[in-house]
Structures are given as C-alpha cells and as structure tokens.
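**Student:** Pasting a structure here, questions to come.
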Amino acid sequence: MTKPLKIVVLAKQVPDTRNVGKDAMTAEGTVNRAALPAIFNPEDLHALELALRLKDSNPGTTVELLTMGPGRAADIIREGLFRGADGGILLTDRKFAGADTLATSYAIACAIKKIKPDLIVAGRQAIDGDTAQVGPQVAEKLGLPQITYVEEVFSCENNRIAVLRRLEHGVETVEGKLPLVLTVNASAPSCRPRNAKCLMKYKHAKTVSELQTQDGDYIEFHQLRSYLNIPEWGVSDIDGEEEQFGLKGSPTKVKAIKNVVFQVKESKKLSDADTDMESLMKELIANHTIG
Amino acid sequence: MNNIFVYCETEKGKIADVSLELLTKGRELAKQLNCKLEALVIGHQLLGIEKELYAYGADIVHLADDERLAPYRTLPHTSIVVGLFRDEKPQIALFGASSLGRDLAPRVSSALKSGLTADCTSLEIGDHKDTKGNEYKNLLLQIRPAFGGNIIATIINPDHRPQMATVREGVMRREKLAYAKPGEVKMLDVNKYVRDEDFVISIIERHLEERKIDIKGAPIIVSGGYGVGSRENFDLLFELASVLGGEVGASRAAVDAGYADHARQVGQTGVTVRPKLYIACGISGQVQHTAGMQESAMIISINSDPNAPINQIADYSILGDLSTVIPRMIKYYKANSK
C-alpha cells in the first residue's frame, strides 16, 4: 500500500506578458505594466494538474498551493481551489518585496519547512521573468533533489517516483526518492477546468485581510467555515533570517531599466496588390536576396 | 584566483556550441579584466577535450572525470562546481542557458548565495555607483530583456561572487583564436567534492533526438506569429519557405498556441537568427521576438494591422492577408526566377 502524500504546488500570479495589446502600450511606445491582466502562471497550472493526478490515483493525498505576492495573489489560491486543490497559503509581507529569485526561494523554502510536504511541484518558469531559477533554488535550500522539465509521471509508489523529463534534445526517464522537488514543463498535460462543486464550496474563500472590508454577518458566516480561510503568512510566521528576505536578501540588483521603444526606420509600405508583389519579388531577385 | 570560469557541457565527447560561444565571450571579458579564462568540464573519458578548449581561449582547463558523472545529473555536478568555486573564487561564472545549464546554475547560485541572471543577451564590463555613494569598479553588466521582452534590464551583482549568468545558444558569436596556445589541464579529485548521496536520482533511460530542425543556419526564414491563426495555416509558410529555399520560424505566441514546434521559436526564449531575409507573417513584433531576429539583413513584414510594431523595424511592410500575399509572392517568384 502506498501512503497518501502531502503535496505542495508552487504557483505565481503574473502579468500576462504574452499578449501585450494596444491598450497596454503608452503613448511613448512602452508597456504600461499596470494595464496587463494578472493571471495564474501558465506552467504552474501544469504543475497543479500533475499534483491533482497524483491525488486522483492515491486517495487521501492532499494538494496545497503556496504562493508569494501581494494580497491580490489570493486569486491564485482560489483558482487552485476551484480546480481541485485542498488548500493554499499566501506568503505576503512588505519585507518580502524586492526579492530576486534567491530571496524568493529562501522565503518559499522557509514556508515549506513549516508545511513538511512529501513532494513539491512547481512550474518550470514564470512568464514575467522566464528565469526557471526558483524551483532548483528552493530544492537546494531544502537540501532536496530536484527533477526539472517533467512531462509525465510514470509511477509514484512506496516513496519512489519515476518521471519523464523533456530536454532540448531528447527525453530522459529518471527515478528518485521522495521528498523532492519537481518542475513541470508546458508539454505536460493541461490543467483541468474549474469544477462546479469546488467553485460552490470555495467561492467565498478569503484571507483575513480580504475579510476586513466585509460586514459582521459575513465574517461570522466565514468563521463558521474554517475551510474558507486562506492563511496569510508573513516574515514572523516562518522561521528565517530577516536579512535573507526581500531586497536585503537579493544579491542581484537592477542597475538600469530601459523601456523598449520601437525605433522607426525607413520602411517601404506595400499593398497586397499584384503589381506591388511582382515588383517586390523582382527587386529581391535582382539584389540577390533570394534566388 | 578571481578568474572567469565557463562551465562547458559535453555530449558524447563533443563540447556544446553554447559553451564555445561562452568561451569566446569569456576570453573578451578576461582580456578587459586582465584575468585568466578557465573552463570546467565534468563527465567521463574527457582527456583530449582540452585542445578544443584551448582553441577557444581557455588558459586553464579543469577536468572532473568519473564514469558516474556522465550523463549529467544535477547533484554530483552541483557539488563539483560549488566545491571548485569555493576553492578558486571566480569573479565571473558563465553557463549555457540550456536544459542542463538552467538546471545546474540556479542550484549552484543558491548554494553559494550569489546572484544569477538568466538568459543574458549581452555581457559587458562597467562601473557602478549606488545610491549610498559606494563605487564598484569592473562589474559584470548582465543585460537581458525582462517582462516578456518589453523592458531591457541591466542587472549587477555588486557584493557577491561569482557574478553568474546564463546565455542561450546562438546569442554570442563563436570564434576560434587565430593562434591558440596550449594551456594547463588540472584533473580534479572527484571524491573530494561528491558524496554518495549525490547519486540518489538514477537515470533509467535516455533518448537523444538529433536536432532535426535547425533554423539557425538558414539563409531565409519565413516566420509566423499568433496572427497566422492555426497550425494548418502554417502550411502556407512552409510552402513559401520551400520555394525560396528557407526554413520556417515562429514567434513564442505561435508556439504557445501550438501552431509550430518549439524548435522553430525565434526570440529571447528561442533561438537568435541572422538570416539574409526574414519574412515575418502575422507577427506583432514584441521585443521578446525582435530580440532574436532584428539583425537580419532584410526584414519583410506581412500583417493585416498597419500599426503592428514589427513594421517599424521592417524594410518592407506589406499590408494584407497572408492567404492573399503568400500565394502571390510564390507566383511572382516563380515567374521571375531563372
């Protein structure tokens, strides 16, 4: 018999940088970051699905989300609950602000030490930074092995897990012993949609901070249902050295940020008419670009 | 001490292109800093490999040779890199932003509590003065697009060493020295660095795929974006590419949408290309993408949006629908070429 697992899924709320529409551009041609919608980091959804499948095949297993961010990142936890997770924790504190990947990993690793899971699953990378560093760094801070770029879990029994890794130039089947950290690729199965029952059950899930703006009756309703409480953990709730959090704990500093402004260069405008197309192709052949 | 280190990847006795590109860059940085360039290779049956590394400018080659070290596994390689860096105290350490490098470098940076900048598109040496008035000389300026490529950030690592960065294949030039001079090989004592626990993950099976699609070397690239609309519509791009003797590329949005394979992705998180002709079809032109193709000799954009940002870097911008424009290009190419 395989014992039920305690799984933590690391998830991040990110600005949707993939499709920067005209609305998100300023008059100067730069991106207005505030205008981008905040979404569940795509590969973290694949990580959630991988965890939920392990739960499906191993009754009693629990899946908990862990996210770090401002108060509004509680949306990520709710989204996870709607799709089948059992709970979630929001790591939030001004002292976490300005963290680079190392300080982020430190805070997350401190929180995980408190949760003591059997398995940690994260998306390979987040689309706002594309660094793919936090998964391996969390593993290192916890002293656990890591298996990156996971596409499929072949088996997870008796504390051993066998997975398929998708690499640039091939695939690898590897086996390891729990506890460990997995990072999941976008080539892994997509996350299941929201479940109507879960949506009904958790639509009022809120953090203590979010409850502050509600009236007394609502708070009472909430307090009678402990599963609706999304715990918020700050620096004082996790055991860590303060100088390793946030900006102070970040060895990398941003020296300069340059907004990308598109340089206008002389560009010939053509229509799709036959005459334009014919003269273009003739020109390209004449100057040996093609042919 | 305080030299520049490049972690060199090998597969079947061959050094990865990205590692040779990093040595070329590292040699330039070492010259500026007046320090040495050191290469580190971890694997099995490595002797002889140093010659290739000297040819790219390595002054010292560290070899960690043990049958347990190939193929790559995270923990033993991490232990060796971390142990060697603690002994040698490099000021700069460079890794390929490959599947391997992106698995290894973050783990090393965490163990050494030093910073790591991923996917740099440019590395320079420069000074820095912080807001408190502290001055730093000769820092590694790690330049990379961020935020989906909408900003370009210069990252520094003022107080921690080594200053670590990863760079994708194809971003830096690769060039052998005109006159290579033999350097020095240092064989590492593997057992000094690795522990038995480092081998807890076992590789059951490995299947390498030859890189079938190689758009990096193509002289003509017909590239499609999200605006192409579907995987089927990409057929039109393949037809044009085949007629012109080129390859098909894609933007990240098109790859994410499943229209094209990841191997075709051009841009910051894909490959960097410099073809003679780049035809951008239905590509809006986010920096994420243009970072990987703006050095093309000629750029043609085909877009139904006259205000698409790509038009501003294009030599020719064709306003129209792909299903009309591409067949006409094929028709007039065939009619006019010999």
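**Student:** Given the options A:LEU142, A:LEU48, A:LEU167, which has the most mean-square fluctuation in a GNM of chain A, springs set between C-alpha atoms less than 10 angstrom apart?
**Tutor:** A:LEU167
**Student:** Please identify the GluC sites (Glu not before Pro) of segment B:200-266 that satisfy two criteria: DSSP loop assignment and at most 14 other Cβ atoms within 10 Å. Which are they?
**Tutor:** Sparse-neighbourhood loop GluC sites (Glu not before Pro): B:GLU209, B:GLU210, B:GLU232.
**Student:** Note down the magnitude of the dipole of segment A:97-213 about its Cα centre, charges +1 on Lys and Arg C-beta and -1 on Asp and Glu C-beta and zero elsewhere, to the nearest 20 debye.
**Tutor:** Dipole about the Cα centre, nearest 20: 700 debye.
**Student:** Sticking with this one: So if we plug the beta-carbon distance of A:ASN229 and A:ALA34 into 1/(1 + (r/R0)^6) with R0 = 30 Å, what FRET efficiency do we get, rounded to 0.05?
**Tutor:** About 0.55, to the nearest 0.05.
**Student:** Here is a further query. For segment B:1-68 and segment A:117-168, what is the separation of their Cα centres, given in Å?
**Tutor:** Cα centres, segment B:1-68 to segment A:117-168: 28 Å.
**Student:** May I pose another question? Where in segment B:101-134 are there trypsin sites (Lys or Arg not before Pro) that are in a DSSP coil and have at most 16 other Cβ atoms within 10 angstrom of their Cβ?
**Tutor:** Of the trypsin sites (Lys or Arg not before Pro), the ones in loops of segment B:101-134 whose Cβ has at most 16 other Cβ atoms within 10 Å are B:LYS113, B:LYS132.
**Student:** Considering only B:ALA64, B:ASN138, B:CYS35, whose Cα is most displaced toward the positive end of the charge dipole of segment B:4-199, charges sitting on Cβ of Lys, Arg (+1) and Asp, Glu (-1)?
**Tutor:** Result: B:ASN138, furthest along the dipole toward the positive end.
**Student:** Among the lysines, which fall within straight-line cross-link reach of B:LYS137, defined as a Cα-Cα distance under 25 Å, with same-chain neighbours fewer than 8 residues apart omitted?
**Tutor:** A:LYS248, A:LYS253, A:LYS255, A:LYS258, B:LYS25, B:LYS31, B:LYS36, B:LYS89, B:LYS113, B:LYS129
**Student:** Tell me the relative contact order for chain A as a rounded percent, counting alpha carbon contacts under 8 Å between residues six or more apart.
**Tutor:** Relative contact order comes out at 23 percent.
**Student:** Listing A:ARG78, A:ARG53, A:ARG194 from the residue with the fewest other Cβ atoms within 10 Å to the one with the most, what is the order?
**Tutor:** Listing A:ARG78, A:ARG53, A:ARG194 from fewest to most nearby Cβ atoms yields A:ARG194, A:ARG53, A:ARG78.
**Student:** In peptide B:317-324, what is the residue-averaged number of other protein chain Cβ atoms found within 10 Å of each Cβ?
**Tutor:** Mean inter-chain Cβ contacts per residue within 10 Å come to 4.
**Student:** Relative to the first principal axis of the alpha-carbon coordinates of chain B, what is the inclination of helix B:234-244, with its axis defined by its Cα atoms, in degrees from 0 to 90 and to the nearest 10?
**Tutor:** Helix B:234-244 sits at roughly 90 degrees to that axis.
**Student:** I need the shape label for segment A:6-249. Rule: rounded when a/c is under 1.5, else prolate if a/b > b/c, else oblate, with a, b, c from the alpha carbon gyration tensor.
**Tutor:** Cα axes put segment A:6-249 in the rounded bin.
**Student:** Using R₀ = 30 Å, calculate the FRET efficiency as 1/(1 + (r/R₀)^6) where r is the Cβ-Cβ separation of B:ILE125 and B:ALA178; round to 0.05.
**Tutor:** Efficiency computed from Cβ-Cβ geometry: 0.85.
**Student:** Using helices alone, I'd like the mean residue ellipticity at 222 nm for chain B: each DSSP H run of four-plus residues gives -39500 (n - 2.57), total over residue count, nearest 500.
**Tutor:** The helix contribution divided over chain B gives -8000 deg cm²/dmol.
**Student:** Can you tell which of B:TYR259, B:SER242, B:ALA308 lies farthest toward the positive end of the dipole of segment B:220-336, using +1 and -1 charges on the Cβ of basic and acidic side chains (Lys, Arg; Asp, Glu)?
**Tutor:** Final value for the positive-end residue is B:SER242.
**Student:** If amide H atoms are built 1.01 Å from N in the plane of the peptide, which residues on other chains or at least 5 residues away come under 5 Å of the amide H of B:GLN163?
**Tutor:** Result for B:GLN163 returns B:ILE92, B:ALA93.
**Student:** Let me ask something else about it. With N denoting the number of residues in segment A:36-174, provide Rg(C-alpha) divided by 2.2 N^0.38 Å, to two decimal places.
**Tutor:** My calculation over the Cα atoms of segment A:36-174 gives 1.04.
**Student:** For segment A:132-146, just list the computed ³J(HN,Hα) in residue order, Karplus coefficients 6.51, -1.76 and 1.60, θ = phi - 60°, integers in Hz, with x standing in for Gly and Pro.
**Tutor:** Whole-Hz 3J(HN,Hα) from phi for segment A:132-146: 6, 9, 5, x, x, 6, 4, 4, 4, 5, 8, x, 10, x, 10.
**Student:** Right, next: Residues with amide H under 5 Å of B:ILE283's amide H, sequence separation 5 or more or different chain, H placed in the peptide plane at 1.01 Å from N; which?
**Tutor:** Long-range HN contacts for B:ILE283: B:GLY225, B:ILE302.
**Student:** So for B:ASP189, B:ASP87, A:ASP86, fewest C-beta neighbours within 10 Å to most, what's the order?
**Tutor:** With the sparsest Cβ surroundings first, the list reads B:ASP189, B:ASP87, A:ASP86.
**Student:** Now for a different question. Determine the percent antiparallel among the DSSP beta bridges restricted to the protein assembly as shown, to the nearest 5.
**Tutor:** The answer is about 35 percent antiparallel.
**Student:** Take each of the peptides A:205-216, A:35-46, average the number of other beta-carbon atoms within 10 Å over its residues, and list them starting from the highest.
**Tutor:** Output ranking for A:205-216, A:35-46: A:35-46, A:205-216.
**Student:** Given segment B:4-199, what percent of its DSSP beta bridges are antiparallel, to the nearest 5?
**Tutor:** 35
**Student:** Mind jotting down the distance between the C-alpha centroids of segment A:35-71 and segment B:147-171, whole Å?
**Tutor:** Value for the Cα centre distance between the two parts: 28 Å.
**Student:** Tell me, what ³J(HN,Hα) does each residue in segment B:246-258 have, in order and in whole Hz, if you take phi through Karplus 6.51 cos²θ - 1.76 cosθ + 1.60 with θ = phi - 60° and put x for Gly and Pro?
**Tutor:** Once rounded to whole Hz, the list reads x, 10, 9, x, 8, 8, 4, 4, 5, 5, 4, 7, x.
**Student:** Provide Rg over Rh for the protein assembly as shown; use the alpha carbon set for both Rg and the Kirkwood Rh (inverse mean inverse pair distance).
**Tutor:** 0.98
**Student:** Still on this structure, please answer the following. Counting only other chains, what is the mean number of Cβ atoms within 10 angstrom of the Cβ of each residue in peptide B:90-103?
**Tutor:** The per-residue average across the peptide is 3.
**Student:** For chain A, with a Gaussian network of springs between Cα atoms less than 10 Å apart, report the residue from A:GLN223, A:GLN13, A:GLN146 with the top mean-square fluctuation.
**Tutor:** Of A:GLN223, A:GLN13, A:GLN146, the Gaussian network model singles out A:GLN223 as fluctuating most.
**Student:** Skipping prolines and chain starts, which residues have an amide H placed within reach, meaning under 5 Å, of the one on B:LEU141, given they are 5 or more residues away or on another chain?
**Tutor:** Under 5 Å from the amide H of B:LEU141: B:GLU124, B:ILE125, B:GLY126.
**Student:** Enumerate the calculated ³J(HN,Hα) couplings along segment B:309-318 in order (Karplus 6.51 cos²θ - 1.76 cosθ + 1.60, θ = phi - 60°), each rounded to whole Hz, writing x wherever the residue is Gly or Pro.
**Tutor:** Those phi angles translate into x, 4, 4, 6, 10, 7, 6, 10, 10, 9 Hz.
**Student:** Could you work out, residue by residue across A:68-78, how many beta carbons of other chains sit within 10 Å of that residue's beta carbon, and then give the average as an integer?
**Tutor:** 0
**Student:** Have a look at the DSSP beta bridges in segment A:6-249 and tell me what percent are antiparallel, nearest 5.
**Tutor:** That works out to approximately 40 percent antiparallel.
**Student:** Quick check: from the Cα gyration tensor, does segment B:220-336 come out rounded (a/c under 1.5), prolate or oblate?
**Tutor:** Rounded shape, in that the Cα axes give a/c under 1.5.
**Student:** OK, next. Highest GNM mean-square fluctuation, chain B, Cα pairs closer than 10 Å: which of B:SER202, B:SER317, B:SER109?
**Tutor:** Result for chain B, Cα springs under 10 Å: B:SER202 fluctuates most.
No value in this document is a laboratory result; all are computed from the given coordinates. Nothing here was measured: the structure is a model prediction, and the numbers come from that model. FYI the Cβ positions are ideal-geometry reconstructions off the backbone, even for glycines, and counts take in every protein chain you see.
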